[in-house]
1. Could you work out the relative contact order of the stretch 84-233? I mean the mean sequence separation of Cα pairs under 8 Å and 6+ apart, divided by the number of residues, in percent.
2. So what is the relative contact order for the stretch 28-141, in percent, with contacts set as C-alpha pairs under 8 Å and at least six apart?
3. Taking the Cα centre of the stretch 104-159 as the origin and placing charges on Cβ (Lys, Arg +1; Asp, Glu -1), which of 106, 129, 148 is farthest toward the positive end of the dipole?
4. Please list, in chain and number order, the residues 5+ apart from residue 227 or on another chain whose amide H is under 5 Å from its amide H, with Hs placed from the backbone.
5. Please give the charge dipole size of the stretch 30-164, origin at the Cα centre, charges +1 on K and R Cβ atoms and -1 on D and E Cβ atoms. Round to the nearest 20 debye.
6. In the stretch 232-305, which trypsin sites (Lys or Arg not before Pro) fall in coil by DSSP and have 15 or fewer other Cβ atoms within 10 Å?
7. Give the whole-number value, in cubic angstrom per residue, of the convex hull volume spanned by the C-alpha atoms of the stretch 115-154.
8. Pop out the carbon and sulfur fraction of the accessible area of the stretch 180-289 as a percent, whole number, probe 1.4 Å.
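The values are calculated or read from the model by the stated rules, or taken from the named source; none is laboratory data. Since the structure is predicted, the reported quantities are computational estimates derived from the model, not experimental observations. Don't worry about glycine lacking a Cβ; one is built from the backbone with ideal geometry, like all the others, and counts go over all protein chains shown. Remember, those area values only see protein heavy atoms, side chains included, never the ligands or the DNA or RNA. Shrake-Rupley method; radii C 1.70, N 1.55, O 1.52, S 1.80 Å.
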Amino acid sequence: MPPPLLSNSRRIAFALVLLATAVVYYVRWQENTAVQLVMGAGSSDGDGYRTALAIAEVVQRHHPRIQIVVVETQGSQENADLLGSGRLDLALIQADIRTSPTARLIAPLFADAFQLLSHGESDVNSPGNLRGKTVAIPPIGSGGNASFWEVATHYGLSESDLTALPMSPEAAVWALGSGAVDAAFHSRPPGSSLVRDAVLRSGASLVPIEQAAAIRLGQPDIEPGVVPRGSYRGDPPVPPIDLPTAVVQVLFTGDTGLDGSVVYDLTSVLFERRRELMDLAPLAGFITTPDRTAGTFMPIHEGAQRYYSREQPNFLQENAELIALLLSIVALSVSSLLRMADQGRRRRLESYNGEILGLYSAVKDSDDPRAVAAQKDEMLQVLVRVLDDAEEGLVTEEGFQVFSLTWQAVYQALRDRLTMHRDPAGNGDELSGPSLDSEDVSP
């Protein structure tokens with residue numbers, strides 16, 4: 001018997017079904033595979049660390065497969081270095097810190113304000129007065145340390161102009177209260193409990209930083225801002241006015257290699273589970289979307305970008321009419337090609353049928369049994385050609401069935417003609433060829 005006929009279109013459809021099935025299983029496998037991420041979040045007593053813990057808890061609450069391990073670090077600079085080297089997957093980084101090319105923005109979390117505090121007996125009332133003074137500054141590797149030197153440099157101060165002592169925030173509060181230092185610099189959100197302790201318990205004064213707009217000329221990530229009046233006490237208010245200062249965003253960042261679907265889920269938690277986050281870390285209320293109209297200094301992660309663009313019309317929606325027109329043209333073209341192909345296959349079969357009938361017509365009135373036998377051999381050759389065309393898709397299954405009926409009828413007629421011309425010895429039909437019932441010739 002000839003091999004079963006399977007058209008090219010059926011082969012393609014079968015392959016597409018297999019591919020779609022594989023994709024479905026792969027997506028389901030990904031959705032159920034646990035993902036563990038490591039997030040660098042600065043000092044464990046910092047606002048960023050508490051916000052990071054809140055994000056980790058709420059993410060796991062709603063996306064159990066995503067497990068975030070929050071680790072303590074020296075701060076933004078170390079976070080940026082660890083993220084660039086691949087030892088962190090996520091990191092909280094101040095916007096004014098230089099990052100690696102693989103860092104990607106997920107969302108701005110909140111703003112840190114530059115807060116310069118002076119000891120009650122010192123005459124520091126401006127960053128420029130720090131010349132010759134002893135200043136407690138954030139630890140090396142932190143964003144606050146880099147921010148202090150950005151301010152100092154703007155006011156013309158270098159390391160040789162003052163005594164800068166890197167230390168922990170708690171140590172800085174003690175040093176300022178005891179008079180061991182003349183001033184202390186913190187990069188903390190307004191209302192920070194640590195700064196409140198320094199102001200209310202040690203009698204420190206907040207020093208305005210009035211040239212934030214000018215500082216921004218050298219560092220565009222820094223913006224003018226204020227520590228609002230009454231941030232640390234309402235009556236009498238401390239500070240007594242909206243205190244001018246500089247602010248910088250703390251960014252929630254991830255490595256570019258993070259799976260886009262995972263980052264999409266992280267971003268959705270930031271904005272759709274805001275109340276749950278705020279119950280654990282009030283600063284979560286300040287999480288914002290990137291200002292995509294003005295552009296960002298750090299590329300947005302593609303998973304986060306997908307979340308931010310979810311309500312915007314996609315390419316297909318924006319070009320629906322054009323795509324519909326193109327699809328109509330393609331459909332008409334394909335239909336025409338299919339009709340041409342069908343016509344070609346029909347003409348091919350008509351040619352084969354005509355050839356078979358021609359073979360019969362040539363000998364139907366012949367009395368020469370050898371001529372009849374020769375035509376039978378020709379029919380077998382025609383059958384072989386048709387089978388070859390069928391394997392190549394040049395003959396449809398339906399067309400082959402029509403050809404089969406014609407072929408069998410003519411072959412039987414030729415066989416009957418040979419039966420009428422048996423050899424004189426009566427040995428049967430030696431020239432009749434293979435039986436029509438034989439599987440090797442029956443179509």
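1. On the way: 224 pairs, mean separation 47.0, N = 150.
Normalised by residue count, the contact order of the stretch 84-233 is 31 percent.
2. On the way: 135 pairs, mean separation 28.1, N = 114.
Value for the stretch 28-141: 25 percent.
3. Final value for the positive-end residue is 106.
4. Under 5 Å from the amide H of residue 227 lie the amide H atoms of 243, 245, each far enough along the sequence or on another chain.
5. On the way: 8 positive and 15 negative charges, 73 e Å.
Dipole magnitude for the stretch 30-164 comes out near 360 debye.
6. On the way: sites: 233, 273, 274, 275, 292; in loops: 273, 292.
Those that pass, being in a loop and sparsely packed, are 292.
7. Details: hull volume 3.0 nm³, N = 40.
That works out to 76 Å³ per residue.
8. Values: 2370 of 4770 Å².
Whole-percent figure for carbon plus sulfur exposure: 50.
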